[in-house]
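Note sheet for the following structure.
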Amino acid sequence: MPENRSLSFLIRRFRAAGIEPQRRLGQNFLIDLNLHDLLIRTAGLTPDDVVLEVGTGTGALTVVMAQQAAAVVTVELDPALFALASEQLHDVTNVHRLHTDVLANKNRLNPAVLEAIQQQIDAGAGRRLKLVANLPYNIATPIITNLLTLDRPPVGMTVTIQKELADRIVAAPGTKDYSALSIWVQSQCRAEIIRVMPPSVFWPRPKVDSAIVQIELDESLRGRIADRAFFHSFVRAMFFHRRKFLRSVLVSAVKDRLDKPAVDEILQRLGLDGTLRAEQLDVATMLSLADAVHAQLGG
């Protein structure tokens, strides 16, 4: 197994460069070499894949992925780590390094990153995007969420994230972890927790457990959504006050656009009890409710 993925190598490299991991940037490096390999195997990279990696780190994962994929677009915000990784990656011709923030803001990906990805997809016939990354914990949710707003989202996302977030992604209706994120991902994808990981497999150790999650795009699911932008905002609004009754939340979500009798008519037509809560609705029911509201609004 490559020595450049080991704890001893990381410590030596950081000391030689006079730097330390930045916890404020969510820098926790995976040091279990078997889990490195599991992450890559789960991604199932092929010569048709363009990989987006968020958090280049020292470039250890990047080098391995570049051997299997058509291209890797790797993004690193930390200038010290960007320089460190560049030493290892400068001769790897199919790796495209970006020293920038992957997010323009919490609701939008950086256009420069999207442009770099598109250039690599356009460079070969049949190319497709995958996200493979040890995601910085503090930006994992907006990255996954915003990638699914794209017209051509990743066909697969294989990521290490906080276990708490992983639980939310795969949660079933009626459970404490079921959320707007659960519905947003499950309305378009099949998601699975591949492995739960203790803090000891990272350096420095985080305070929480982590997980490798595999999210695979399902076009048959995604095709059910008539207006993704509307559905995304609708679901978030429905969970804004998750403990309130469905009727009350819906009235609040469409205030100044639909009156209460119109809301009641929609609920009655769909056979939904207004005293349910949003967290009790499965994905298909939430889609039906969103479609009914959208149509009533003239969408």
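The values are calculated or read from the model by the stated rules, or taken from the named source; none is laboratory data. Note that the structure is predicted; figures quoted are calculated from it, not measured. Quick reminder, even Gly has a Cβ in these numbers, built from the backbone with ideal geometry, and neighbours come from all protein chains shown.
Given (1) basic (K, R); (2) free of Cβ contacts under 8 Å to residues at least 24 places away in the same chain; (3) under 22 Å from A166 (Cα atoms); (4) not assigned by TED's automatic domain parsing to the domain that holds A166, identify the lone condition not met by K207.
The failed condition is (4).
So for region 279-287 (the condition being farther than 20 Å from A226 by Cβ, of a type in the set (S, T, Y) and either in a helix (DSSP H, G or I) or in the same structural domain as R168 (by TED's automatic domain parsing) (or both)), does at least one residue qualify?
The answer is no; no qualifying residue exists.
Every residue, every condition in (1) of a type in the set (K, R); (2) in contact (Cβ under 8 Å) with a residue 24 or more places away in the chain; (3) at negative phi; (4) not assigned by TED's automatic domain parsing to the domain that holds I161, yes or no:
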residue	(1), (2), (3), (4)
Q188	no, yes, yes, no
V235	no, yes, yes, yes
R243	yes, yes, yes, yes
R247	yes, yes, yes, yes
V254	no, yes, yes, yes
D273	no, yes, yes, yes
R277	yes, yes, yes, yes
A292	no, yes, yes, yes
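Just to be sure before I move on: is D218 closer than 30 Å to I31 by Cα and assigned by TED's automatic domain parsing to the domain that holds P21 in the structure I sent?
Judged against the criteria, D218 is not a match.
Only one of (1) in a loop (DSSP other than H, G, I, E, B); (2) free of Cβ contacts under 8 Å to residues at least 40 places away in the same chain; (3) closer than 25 Å to A292 by Cβ is not met by Y178, so which one is it?
In the conditions (1) in a loop (DSSP other than H, G, I, E, B); (2) free of Cβ contacts under 8 Å to residues at least 40 places away in the same chain; (3) closer than 25 Å to A292 by Cβ, Y178 misses (2) alone.
Among the helices (runs of 4 or more DSSP H) contained in region 1-67, which hold 1 or more residues that are closer than 18 Å to E87 by Cβ? Spell out how you get there, then give the answer.
On the way: elements: 7-17, 33-43, 60-66.
The helices (runs of 4 or more DSSP H) meeting that bar are 7-17, 60-66.
Among the residues of region 150-168, are any closer than 25 Å to A237 by Cα, assigned to a helix (DSSP H, G or I), at pLDDT 95 or above and of a type in the set (A, V, I, L, M, F, W, C)?
Checking region 150-168: at least one residue is closer than 25 Å to A237 by Cα, assigned to a helix (DSSP H, G or I), at pLDDT 95 or above and of a type in the set (A, V, I, L, M, F, W, C).
Might you let me know whether region 172-195 holds any residue that is touching a Lys or Arg at 6+ places or on another chain (Cβ under 7 Å), under 19 Å from N134 (Cβ atoms) and modelled with pLDDT of 95 or more?
There is no residue in region 172-195 that is touching a Lys or Arg at 6+ places or on another chain (Cβ under 7 Å), under 19 Å from N134 (Cβ atoms) and modelled with pLDDT of 95 or more.
This table checks each residue for (1) in a loop (DSSP other than H, G, I, E, B); (2) at pLDDT below 95; (3) touching a Leu at 6+ places or on another chain (Cβ under 9 Å); (4) surrounded by 14 or more Cβ atoms within 10 Å (Cβ to Cβ).
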position	(1), (2), (3), (4)
A211	no, no, yes, yes
I215	no, no, yes, yes
L221	no, no, no, yes
F231	no, no, yes, yes
L250	no, no, yes, yes
I266	no, no, yes, yes
G274	yes, no, yes, yes
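Only one residue in I183, I193 is in a strand (DSSP E or B) and of a type in the set (A, V, I, L, M, F, W, C), so which one is that? Step through it out loud before you land on a result.
Numbers: I183 fails: in a strand (DSSP E or B).
Result of the check over I183, I193: I193.
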